[in-house]
Amino acid sequence: MTTYAYLMLSFLMFIPWILIFAYRKDLRKRMLKAGFFAVPFGWVSEIWYFEDYWQPPTTAGVGQFSIEDGLSAFFIVSLSITLFDVFFTEENVKNQKKRVPAFSLLLFLGISLMGIFSSLLKFNSIFVTGFACYFVTGIILFMRPDLWFPALLSGILNALLFILIYIILFNFLFPEFWKSHWLLNKTQYNLTILGNIPLTEVLWYNSWGTLAGCLYDFAGGYSKELKYKFNIQSKFSE
């Protein structure tokens, strides 16, 4: 019975989310702003994912747009943009140029890449998403090289967090989920790690986490005061 697996994913994400929200008051504003901004894109992304990647059971039916899409988008984005700060940032300082128009153009670019490569050229949407995230991240880091370290570590931390969540959810609670609802199940991309965790999911969380690690600060004009000194960071920024 996997009907509530997708909803349970949001519940498991809520646990680290509420811990961060409770103990890091300085991150609450960005968690809420970014999370609510992301909600519509939870539904937009499924336009492609339902077509060629997965068709999960939801409270609205199998492979249907549902509240789960909005909830997962909210929690994933809120967590992704704050994981680096939780471990490494003393303070986010608003001392850089805001780049909201550039952010909007990059958002449009990302969606356009999905439309061209997934809808028109028929590349699988999960790989197009990964490419789009890394590509947009590269553009941001070209403009803001001081954010390369947060981007790199955010990608790693994001992947590790969701590997842990997936171990609980798909190894213990719903071990048959991917066999039933993963459209890549009988293809050459049917690769899993640590039991029932698709490698494509790790790719997705790493690529998105890498982008999330620099996207908010790029748009809002923030730089990070780190808790610890990383000489490699300062040398890169010189």
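No lab work stands behind these numbers, since they all come straight from the coordinates. None of the values given here were measured: they were computed from a predicted structure. In this analysis, Cβ positions are derived from the backbone assuming ideal geometry, glycine residues included, and neighbour counts consider all displayed protein chains.
Were the residues from residue 168 through residue 228 laid out at 0.36 nm apart, the gain over their Cα-Cα distance would be 18.4 nm. Taking amide H as placed 1.01 Å from N in the peptide plane, the amide H of residue 54 sits under 5 Å from that of 183, each at least 5 places away or on another chain. Taking every lysine pair in the chain that is 8 or more places apart or spans two chains, those with Cα atoms closer than 15 Å amount to 5. Across the range 163-173, computed HN-Hα scalar couplings (Karplus, 6.51 cos²θ - 1.76 cosθ + 1.60, θ = phi - 60°) run 4, 4, 4, 5, 4, 5, 6, 9, 8, 10, 8 Hz from first to last residue, x flagging Gly and Pro.
Each residue of the range 175-187 was assigned a 3J(HN,Hα) from its phi angle through the Karplus expression (A = 6.51, B = -1.76, C = 1.60, θ = phi - 60°), giving x, 9, 4, 5, 5, 9, 10, 9, 6, 9, 4, 10, 10 Hz with x at Gly and Pro. From helices alone, the chain scores -20500 deg cm²/dmol at 222 nm; the rule is -39500 (n - 2.57) for each run of n ≥ 4 DSSP H residues, then divide by the residue total. Once backbone amide H atoms are built at 1.01 Å from N, residue 63 has 58 as its partners under 5 Å, excluding neighbours fewer than 5 places away on the same chain. Spin-label pair residue 64-residue 135: with each label point 7 Å from Cα along the Cα-Cβ axis, the two points sit 3.4 nm from one another.
Between residue 24 and residue 3, the contour length at 0.36 nm per residue exceeds the alpha carbon distance by 4.2 nm. Extending 7 Å from Cα along the Cβ direction at residue 176 and again at residue 190 yields two label points whose distance is 1.6 nm. Neighbour counts of C-beta atoms inside 10 Å place 19, 71 in the sequence 19, 71, starting with the fewest. About its Cα centre, the dipole of the chain is roughly 640 debye, where the only charges are +1 on Lys and Arg Cβ and -1 on Asp and Glu Cβ.
For residue 226, nonlocal amide neighbours, meaning residues 5 or more places apart or on other chains whose placed amide H falls under 5 Å from its own, are 90. With each label modelled as a point 7 angstrom along the Cα→C-beta vector, the residue 116-residue 37 pair spans 2.4 nm.
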